[in-house]
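The values are calculated or read from the model by the stated rules, or taken from the named source; none is laboratory data. Because the structure is predicted, anything quoted here is derived from the model rather than measured. FYI the Cβ positions are ideal-geometry reconstructions off the backbone, even for glycines, and counts take in every protein chain you see. Side chains included, ligands, DNA and RNA excluded: accessible areas come from the protein's heavy atoms. Shrake-Rupley method; radii C 1.70, N 1.55, O 1.52, S 1.80 Å.
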Amino acid sequence: MRTSIKSVGLLGGGVIGAGWAARCALNGHDVAVCDLDPEAERKISEVMTNARRAWSRLTLAPLPAAGSIRVVKTIEAAAEGADFIQESLPEQEALKISLLARADKVAPPDVVIASSTSGLLPSRLQSGLEHPERFLVGHPFNPVYLMPLVEVCGGAGTSDATKESATRFYRALGMHPLLLRKEVDGFVADRLMEALWREALWLIHDDVATAAEIDDAVRFGPGLRWAFMGTLLIYRIAGGEPGMRHFMAQFGPALKWPWTKLMDVPELDEALLDKIVAQSDAQAGAAGIRDLERLRDDCLVAILQGLRTQDYAAGAVLDRFEKTLWAAGHRSEFDIEKSDFSKPLRLHETRVEPGWVDFNDHMTESRYLQVFGDATEALLRVIGVDPDYHRGGHNYYTVETHLRHLREVEGGTPLHVTTQILGIDDKRIHLFHSLYRSDNDTLLATAEQMQLHVDTRASRAAAAAPEVLARVQRVAVAHRTIERPVGSGRAISLTK
């Protein structure tokens with residue numbers, strides 16, 4: 001199956017399809033979305049705006065340049081030329097089979113076709129394909145651009161190569177692919193959610209609790225634990241030192257008690273439907289759908305970031321993804337042996353993301369430090385200070401920084417940084433960064449820094465490796481001929 005994914009074709013641009021569009025585009029993939037809704041472009045754009053806002057709060061790692069998103073009107077236009085196809089059409093089996101067959105006819109046979117279905121069996125969906133071996137289910141969760149889980153389920157005709165290819169692609173998007181062992185209606189997560197949903201309907205039907213009270217029972221109680229341990233590990237802990245066997249001995253008999261109505265469901269008549277809708281409206285209050293989406297995203301980001309500090313559960317997924325972003329974001333095509341150093345180096349470009357601004361829509365001070373830090377990291381990669389060098393117990397640390405803010409910087413502004421080496425010795429690099437608007441070259445801010453080379457295992461300053469010193473010396477010698485920036489060297493000096 002295809003290993004290099006650059007373009008993605010999406011069949012359907014609703015809530016799930018728009019989420020896929022945002023996630024793929026934020027990972028640098030160009031996306032073609034087939035959707036006949038005349039408002040599709042606006043709706044997808046709004047989802048993309050929310051996704052960028054969430055991602056700019058989720059991680060400090062540099063994101064790749066966002067891919068393009070275009071809306072097309074035919075299945076063929078979305079599928080032709082795509083390196084990966086994801087279907088997110090309405091949950092109607094006949095419709096999916098028909099339209100998936102059209103995509104199958106125009107896409108090369110080494111392109112994976114995946115369905116976002118939340119419960120339809122892949123063996124039935126692939127029944128109308130000429131190449132059923134390249135089809136599987138990749139079931140995501142809303143919002144697709146933030147939730148890591150994607151259930152991967154093959155059908156009777158799905159090849160192992162297809163499963164491996166899809167899993168690799170989803171993982172590259174920062175997701176956690178869960179490969180199902182067997183094909184089953186509803187897969188795993190939806191079957192669990194369905195059980196809770198049935199009980200919720202009965203509790204509302206019997207006037208035991210309202211929609212808001214049921215959600216409170218989850219979000220203030222077990223839902224907090226489910227975010228990182230799920231059900232079975234939590235129950236194991238509840239068994240104390242003896243573990244799960246003791247828990248089952250204590251609470252197993254309760255399974256025979258008439259606590260639940262899992263084998264039954266209340267009739268969704270107009271009276272129950274009206275009750276659910278009225279309670280849901282009261283629960284939401286005056287908040288619109290976009291308000292609720294942003295609140296949801298902010299809460300998810302907070303949980304994911306908290307779990308990342310523990311390197312556990314969804315936080316471990318985020319941590320792994322961030323590492324790939326850092327590596328890709330600071331990878332430079334700059335060739336130190338062939339480059340012209342007659343002017344400051346332009347190694348880092350970015351834009352002011354939605355999560356970088358204050359209430360005045362101006363970039364916050366911490367983000368200036370982030371941008372200049374990314375520029376420093378880009379220079380260090382050029383001179384050979386990479387992950388292998390770090391693993392060897394050596395790195396440069398920033399020991400002094402002086403910032404000058406010259407212009408306000410608004411959200412969405414394209415930025416680039418130029419870097420000049422003002423001086424070096426065997427342990428130190430004296431840098432001067434200049435931050436510019438990329439659309440008109442207005443100087444926005446400067447940062448003067450001192451980098452100290454450290455033996456990280458001994459926790460003390462040490463001379464840099466000879467090959468690193470040789471590279472930085474090459475740049476520093478050339479930069480001596482460049483006029484020193486105004487105001488540089490007043491606060492930082494190599495002679496200190």
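Loop-located chymotrypsin sites (Phe, Trp or Tyr not before Pro) across segment 191-249 with a Cβ neighbour count of 10 or fewer within 10 Å are Phe220, with loop assigned by DSSP.
Here the chain is scanned for GluC sites (Glu not before Pro) in DSSP loops (not H, G, I, E, B) that have at most 14 other Cβ atoms within 10 Å, and the longest stretch holding none of them is 131-266. Under 16 Å from a label point 7 Å along Cα→Cβ of Ala161: give me every residue in segment 1-26 with its amide N that close. Residues 1-5 qualify, since their backbone N sits under 16 Å from the label point. Accessible surface for Lys323 stands near 120 Å², nearest 10, in the context of the full protein assembly shown (1.4 Å probe).
Every helix of 4 or more DSSP H residues in the chain counts as -39500 (n - 2.57), and over all residues that averages to -12500 deg cm²/dmol at 222 nm. Would you list, by chain and number, the lysines whose Cα falls below 30 Å from the Cα of Lys427, excluding same-chain residues fewer than 8 positions away? Once the sequence-local lysines are set aside, what remains near Lys427 is Lys323, Lys338, Lys343, Lys496.
Ordered from highest to lowest accessible area with the whole protein assembly present and a 1.4 Å probe, Asp425, Asp281 read as Asp281, Asp425. If I take every Cα pair under 8 Å that is 6 or more residues apart in the chain, average their sequence separation and divide by the length, what percent do I get for the relative contact order? Once normalised by length, the contact order is 11 percent. Between Leu422 and His430, Leu431, Phe432, the built amide H atoms are under 5 Å apart, and every one of these is 5 or more places off in sequence or on another chain.
Find how many whole Å separate the alpha carbon centroid of segment 397-424 from the alpha carbon centroid of segment 196-239. So the two Cα centres are separated by 49 Å. Here the gap between Glu267 and Ser438, fully extended at 0.36 nm per residue and compared with their Cα-Cα distance, gives a gain of 55.5 nm. When a 1.4 Å probe is rolled over the protein heavy atoms, the share of accessible surface on the chain that falls to carbon and sulfur comes to 55 percent. Computed over the chain, the quotient of the alpha carbon radius of gyration and 2.2 N^0.38 Å is 1.16.
Among the trypsin sites (Lys or Arg not before Pro) in segment 356-415, those placed in a DSSP loop whose Cβ has at most 14 other Cβ atoms within 10 Å are Arg407.
On full extension, the segment bounded by Leu95 and Tyr312 gains 74.1 nm, given 0.36 nm per residue less the C-alpha separation.
Measuring only protein heavy atoms, the 1.4 Å probe finds Arg219 accessible over about 140 Å².
Calculated FRET efficiency, Ala328 and Arg219, Cβ-Cβ r, R0 25 Å, to nearest 0.05? Taking R0 as 25 Å, the efficiency between Ala328 and Arg219 is 0.10. Full extension of the chain segment joining Ala284 with Leu196 gains 29.6 nm, where the gain is 0.36 nm per residue of separation less the Cα-Cα distance.
Overall, the chain carries a charge dipole of about 1920 debye about its Cα centre when +1 sits on the Cβ of Lys and Arg and -1 on the Cβ of Asp and Glu, all other atoms neutral. When Trp326, Trp356 are compared by accessible surface with a 1.4 Å probe, the order from highest to lowest is Trp326, Trp356. Out of segment 109-188, which trypsin sites (Lys or Arg not before Pro) are coil in DSSP terms and have no more than 16 other C-beta atoms within 10 Å? In loop regions of segment 109-188 (DSSP not H, G, I, E or B), the sparsely surrounded trypsin sites (Lys or Arg not before Pro) are Arg181, Lys182. With the highest mean first, a sort of the peptides 17-28, 294-305 on other beta-carbon atoms found within 10 angstrom per residue produces 17-28, 294-305. Simple spin-label estimate for Leu255 and Val208 gives 2.0 nm between the two label positions (7 Å along the Cα-to-Cβ direction from each Cα). First check a/c for segment 331-439, with a ≥ b ≥ c the square roots of the eigenvalues of its C-alpha gyration tensor; if it is under 1.5, answer rounded, and if not, answer prolate when a/b is larger than b/c or oblate otherwise. Prolate, because a/c is 1.5 or more and a/b exceeds b/c. Between Phe135, Val111, Ala101, the Cα set farthest toward the positive side of the dipole of segment 99-159 (charges on each charged residue's Cβ, about the Cα centre) is that of Ala101.
When only Cα pairs under 8 Å and 6 or more residues apart are kept, what is the percent relative contact order across segment 1-146? Relative contact order for segment 1-146 comes out at 30 percent. For the chain, the per residue solvent-accessible surface stands at 51 Å², with DNA, RNA and ligands left out and a 1.4 Å probe. A compact globular protein would have a Cα radius of gyration near 2.2 N^0.38 Å; the ratio found for segment 36-140 is 1.21. Across segment 236-367, the relative contact order, built from alpha-carbon pairs under 8 Å that are at least six residues apart, equals 6 percent.
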